[in-house]
Amino acid sequence: MESASRPDGRSFSDWKGWVYNFAFFLNGLLIFLLLFEDRFVVPVWMQSLGRMHPLVLHFPLVVLMLYSIWILIVEKEESTKWNENLADTLLLIGTLTSVVAAFSGFVLSHEEGYEADALFWHKWLGIVISVCSIIWYSFKKYLPPWKLPAKLISVSLLIMLLIGGHLGGNLTHGEDFLTAPMQLASVENDKVTFEEANVYTDLVEPILEQKCISCHNAQKSKGDLQMQTKELFAKGGKEGTPWDTTKADLGVLLTRVHLPLDDKKHMPPRGKTPLTDEEIALLEAWIKGGSRFDLMVKSVDAQSPMYSYAQNVLAGSETEEKYEFSAASGDKIKELNSTYRLIKSVAAESPALAVNFYNRANFKSEDISALAPLKGQIIAMDLSKMPVKDEDLKTISQFVELRKLILNFTDITGSTLPELKKLTKLKNLSLSGTKVKLAQIQALSQIPSLKNVFVWNTELTPDEMITLKKSAKIRYETGFRGDTLVLNLNPPIIENESQILSANTDIRLKHQIPGTVLRYTIDGSEPDSTTSLVYSKPFPVTKNAKIKARAFKKGWYGSKTVEKFFFKSTFHADSARLITKADLKFPAQGAKTLYDGVKSDQSTSSGKWLGYRDLDFQTYLYFNKAVKAQSITLSMLRNVGGYIFPPARIEVWGGANEKQMKLLKVLTPEMPVKETSNSENLVFDFDFDMQEIGCFKIIAKPLSKLPPWHPGKGEKAWVFIDEVFVN
Amino acid sequence: MEKPIFDFGLNTNRRHFLSKLSLGLGSAALGSLLIPDMFKGGGESDVNDLMAGLPHFAPKAKRVIYLFQNGAPSQLDLFDYKPMLNKMHGQDLPESIRGGQRLTGMTANQAKFPLAGSVFNFAQYGKSGAWMSELLPHMSKIVDDLCIIKTLNTEAINHDPALTFFQTGAQVGNRPSMGAWLSYGLGSENQNLPGFCVLLSRGKGNGQGVYSKLWTNGFLDSVHQGVQFSSGENPVLYLNDPDGMNREERRKMLDKLSQLNQNTFDEFGDPEVTAKIQQYEMAYRMQTAVPEITDMTREPESIVKMYGPECLVPGTYAANCLLARKLSEQGVRFIQLYHQGWDSHGGLPNEIKGQCMDVDQASAALITDLKQRGLLDETLVIWGGEFGRTNYCQGTLTKDNYGRDHHPRAFTVWMAGGGVKPGIVYGETDEFGYNIVKDPVHVHDFHATILNQLGLDHEKLVYKHQGRRYRLTDVAGKLVKGIIV
């Protein structure tokens, strides 16, 4: 073997000698200790060396593997020349590191918690590897790499490395660490249902398996605690039973779990996944409840954390059904989708489809049969309000995967309803608003999976509903029955928006509930259900009128009265002139206010009231062409709190023009008393003999002194006016 | 040195190249086996990558009807029975209970915070034994279908931020609303109707505004915006073709229009243009779909009695509940109702009576109605306001009259159907009804749970906007496992 020289003249291979010797020494020490293992006590300083095992072991694994592979690929002597030196170094390093690893492993194995079969084989394989490699290095020159013996040795070394490494992995990570992901997937597929779940086996144990058992098992029972069976778990470890309900902290298990994360004694230890809050709550509730291994989830109180935990873990089992069928082609689904027939997968990645139909006018029976290519995937169909006919149920019964079928308010009569018996997976069936009958519904109870049937508003009599409800297996929802309930009708609506009726306007009433009878009066009296006028079409009134109306219907109480005051306005004035100016605060639209046909509400700030206080209200109202009038109406306001009172005196004058006026009528309105309501629209009518009139003059004097009961006693009152009507 | 390189170049001939290529192909093929979604469609954009595979898991609920009680109903007068408040009526709220809670400007200056016991009687109902106020006789009958959560809590103390928070997951505006998120995540079921509809009604109590930012699409595509229905006779305005125009002509006109729009899109690439084309198309289909839904004449009389006669008067809460059921039945993903008038700062006993008259019967009827059609299991119904009301009185307290201010720390919301546990009361408040003592549910948690019921993982439903991935639950939210089946 040729070796390059270093500047100081010593060859590189000198260090190899040192290393070789050191490895040889360690192997000797190792074998010696093995021989006297039962007397060996690990000194404290050496424990750290032992714990370096997981770090060191990877070197010999890799290096020895590389060397073995090199041996395997060497074909003939010549090809070894250029890398022989490197290979030699590899084996030497492998030899040294393997003995260091074996030695540290040996020390580590004397710590607690490793005492089972897996350790036995791991330990001995490690030692064998270490010893074999030093022997190999020693006799290397007799084993040329291109000959068979060397190749056999390298194969066996490779096998030992793999097995030893795997066993070591099992020791730290748990026996099924490698295969766990595959097993997990298969476990999820057969989740137990809520009904048959056991608290320990289905809730507690999975947590232990995930987070505890890797250190507390037959192979590696840290703290002498093993959890793989109920008995061993209940027995506990070095610190006694895991739980003790007589203690405030419920025993060592929960104490350790509850310790702060960075506490040395916290379980699971640092670096491993801690338990979640929900998991801790579950364990706590289970232990408090006596740590019973036979406790069933369904018998647990619904308020208990065990119950809510179970709901979260097991919830999927009922609603998120796993479907056996495979998904339909996306193109097919796309092709069959339209704006009136929506086909959607239940969730991303789910093969199951749900179909909804919309728009009655566009529906044809073929819309259902066209879905046949997807009948292996459709699990829900909503046909409510579609004109589905009896014979369509035959088509529907071919969709054997259906779980939910909604036929509310379709045109089916029920004669073909028993066809649906073929839907052996059906769970929910809605038949509300159809004409199905008792016997037809009962025929469906043979469907084994059927759970809910909705039969509100069908042909069923109340007695038949009671018969159905006796079923223990199926829940029949019969819904709300209104026929025995008597309610108040809501009042009718007086449709006229304006309070002002011009010459040809009729009064219109309406009510939204079909079949109501509307009765009304125009004289202000209360309408009743027998004598008052029945509304059949819009009607006219000849003068100012207070319309009162009520609605009546069989099976209902009569409504409250609705009322509205109408001003009749036969003649529209052409212009007006205010003789006295309105107060600056309430000018409204000046003279025009009086004949613009706009009635103000009771708000004083509406801007539609003319207000007078210091002056009398005085105005002229002109007609370009004289009219044959016989009455005039003033619309005014009372707002006691706002000092707005009826005028003390009103005078109405009339004549052909301003010059030829005569007094037609005088009125002294009644004044409000303390008890009078605050605000009201006031209407003052003035009838006179019919005569040709071209001009009116109206005078209204505000009350000069408010009465003593009023807060503003002695002050002047206001007069508010917004409209004048001539008939 | 040059020669070997030259030789090497010569040695790499076609055969070598092809054989090496086969190895490369082989490795790619193996790689593709390990990445199952590798060759599936999509992937055109970042968004599609993020949104691949929805719903994330099989949903319990397909649709949501959210009965929003706008203005914040008083949980202490409806659901959260606190006899202690009656016992201590008029005494001051202990500071130890208030614990420095931020107050609104309306009561911050009050010298005293006298506790106000509810004037209404409570009783237990159903198998769950839930306490319900006499104000809710109809809801009391269906408590075994309800999941009553007493421990909702929020951060906002005023209406606008609180409402916005509830609807969009953030107190500031312009984030997408919950319904928009769902429309984005799950799409529309019925392509002939919008996926997200909004219905408004107004009670007689003290009202607070609702505004379109509550049903905004935010930074999501405009097609996800909530469509507000009109509260008049025609819920969707301008849907009819003008006289003399038939369907074919309308079709032709739309085809031409979308061609023009497509040209614009090709030129500028603005996605709003495609959104516009889609909306025209939907409007066209809505022309036949909407009249079918809004036609109330086919509803049987028992339905009218169940929801109450008001349900045929357009614009009322009852009518909106009935319409919500019809829309939901027709596959509208998210229907948002708002009923205004719950903001009872004063005169609460009187105001709340009117509000309950408006909503009690119809809310309960909606649940019963969905149930009798076999649709409750796939429809999630939610009832509640943006926060709760204080246990102390705002303004003057008398024996039978009081007002209550806003209270964010604990309030009641109920859910029903859609895979939520029926017949349970979740969470507890202290005996003053002021603080949560068990199982708090934050608004973010509430959102996470709703998304979960629809088969969406709230941490995965994301949209990348201006360099950040946004979620409805922002960076928070925990699934409330205790309320789901």
Out of (1) modelled with pLDDT under 95; (2) part of a loop (DSSP other than H, G, I, E, B), the one B:V437 does not meet is (2)
Here the residues within the stretch A:460-481 that are at pLDDT 90 or above, in a loop (DSSP other than H, G, I, E, B) and surrounded by fewer than 16 Cβ atoms within 10 Å (Cβ to Cβ) are A:T461
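Only residues that are surrounded by 24 or more Cβ atoms within 10 Å (Cβ to Cβ) and either of a type in the set (S, T, N, Q) or within 14 Å of chain A (Cβ to nearest Cβ) (or both): list them for the stretch B:174-184, please.
First, pick out the residues of the stretch B:174-184 that are surrounded by 24 or more Cβ atoms within 10 Å (Cβ to Cβ): B:175-183.
Hits for the stretch B:174-184 are B:S177, B:S183.
Those residues that are within 11 Å of another protein chain (Cβ to nearest Cβ) and not hydrophobic (A, V, I, L, M, F, W, C), I need them from the stretch B:260-283; list them, please. Outline the logic, then answer.
Applying the first criterion (within 11 Å of another protein chain (Cβ to nearest Cβ)) to the stretch B:260-283 yields B:281-282.
Within the stretch B:260-283, B:E281 is the sole residue that qualifies.
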**Message:** Quick check on B:A324: is it part of a helix (DSSP H, G or I), on the phi < 0 side of the Ramachandran plot, without any contact (Cβ under 8 Å) to a residue 60 or more places away in the chain and small (G, A, S)?
**Reply:** no
Over the stretch A:548-576, the set of residues closer than 15 Å to A:D528 by Cβ and away from chain B (no Cβ under 14 Å) is A:K548, A:A549, A:T561, A:E563
Considering residues that are touching a Ser or Thr at 6+ places or on another chain (Cβ under 8 Å), more than 16 Å from A:R475 (Cβ to Cβ) and at the interface with another protein chain (Cβ under 9 Å from one of its Cβ atoms), the number found within the stretch B:368-382 is 0
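Condition check ((1) away from chain B (no Cβ under 13 Å); (2) in a helix (DSSP H, G or I)) across all residues:
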| site | (1), (2) |
| --- | --- |
| A:F399 | yes, no |
| A:L405 | no, no |
| A:L426 | no, no |
| A:Q440 | yes, yes |
| A:P448 | yes, no |
| A:V453 | no, no |
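Of the residues A:T505, A:T410, which single one is polar (S, T, N, Q) and more than 37 Å from the chain's Cα centre (by Cα)? Working first, answer last.
On the way: A:T410 fails: more than 37 Å from the chain's Cα centre (by Cα).
Checking each option against the conditions leaves just A:T505.
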Filtering the stretch A:369-381 down to residues that are within 23 Å of B:R373 (Cβ to Cβ) and touching a Phe, Trp or Tyr at 6+ places or on another chain (Cβ under 8 Å) yields A:L371, A:I378, A:I379, A:M381
Requested in this report: Kindly indicate whether any position in the stretch A:314-332 is touching a residue at least 60 places away in the same chain (Cβ under 8 Å), more than 11 Å from every other protein chain (Cβ to nearest Cβ) and either buried (at least 19 other Cβ atoms within 10 Å of the Cβ) or under 30 Å from A:I207 (Cα atoms) (or both).
Outcome: yes
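Give the stretch A:42-60 a look and list any residue that's β-branched (V, I, T) and surrounded by fewer than 13 Cβ atoms within 10 Å (Cβ to Cβ), or say none.
Step one: filter the stretch A:42-60 for residues β-branched (V, I, T), giving A:42, A:44, A:56.
Selection gives A:V44 alone.
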Given the conditions (1) part of a helix (DSSP H, G or I); (2) of a type outside the set (F, W, Y); (3) more than 10 Å from chain A (Cβ to nearest Cβ), every one holds for B:D243 apart from (1)
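Suppose we keep only residues that are more than 18 Å from A:A700 (Cα to Cα) and touching a Ser or Thr at 6+ places or on another chain (Cβ under 9 Å) within the stretch A:624-641. Which one would you say is surrounded by the most Cβ atoms within 10 Å (Cβ to Cβ)?
First pass over the stretch A:624-641, keeping only residues more than 18 Å from A:A700 (Cα to Cα): A:624-630, A:641.
Next, from what is left, pick out any that are touching a Ser or Thr at 6+ places or on another chain (Cβ under 9 Å): A:624, A:627, A:629, A:641.
Numbers: A:N624: 9, A:V627: 17, A:A629: 20, A:G641: 11.
That would be A:A629.
If I ask for residues that are touching a residue at least 60 places away in the same chain (Cβ under 8 Å) and either more than 7 Å from chain A (Cβ to nearest Cβ) or among the polar types (S, T, N, Q) (or both), which ones from the stretch B:284-319 would you list? Steps first, answer last, please.
Let us first name the residues in the stretch B:284-319 that are touching a residue at least 60 places away in the same chain (Cβ under 8 Å), namely B:285-286, B:288-290, B:293-294, B:303, B:306-307, B:314-317, B:319.
Within the stretch B:284-319, B:M286, B:T288, B:V290, B:I293, B:T294, B:I303, B:Y307, B:P314, B:G315, B:T316, B:Y317, B:A319 qualify.
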Of those in the stretch A:338-378 that are of a type outside the set (K, R), more than 9 Å from chain B (Cβ to nearest Cβ) and under 13 Å from B:N190 (Cα atoms), the residue surrounded by the fewest Cβ atoms within 10 Å (Cβ to Cβ) is A:I343
Among residues of the stretch A:488-512 being within 14 Å of chain B (Cβ to nearest Cβ) and at pLDDT below 90, the residue surrounded by the fewest Cβ atoms within 10 Å (Cβ to Cβ) is A:E497
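From the list B:A108, B:A162, which residue is part of a loop (DSSP other than H, G, I, E, B) and more than 14 Å from chain A (Cβ to nearest Cβ)? Give the steps one after another, and end with the answer.
On the way: B:A162 fails: part of a loop (DSSP other than H, G, I, E, B).
Selected residue: B:A108, the only one of B:A108, B:A162 that is part of a loop (DSSP other than H, G, I, E, B) and more than 14 Å from chain A (Cβ to nearest Cβ).
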Here the residues within the stretch B:102-141 that are among the polar types (S, T, N, Q), loosely packed, with under 15 Cβ neighbours inside 10 Å and under 18 Å from B:L76 (Cβ atoms) are B:Q110, B:N121, B:Q124
Test for B:Y211: is it surrounded by fewer than 17 Cβ atoms within 10 Å (Cβ to Cβ) and closer than 30 Å to B:H159 by Cα: yes
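The values are calculated or read from the model by the stated rules, or taken from the named source; none is laboratory data. Because the structure is a prediction, the values reported are computed rather than measured. Glycine also receives a Cβ, built like all others from the backbone with ideal geometry; neighbour counts cover every protein chain displayed.
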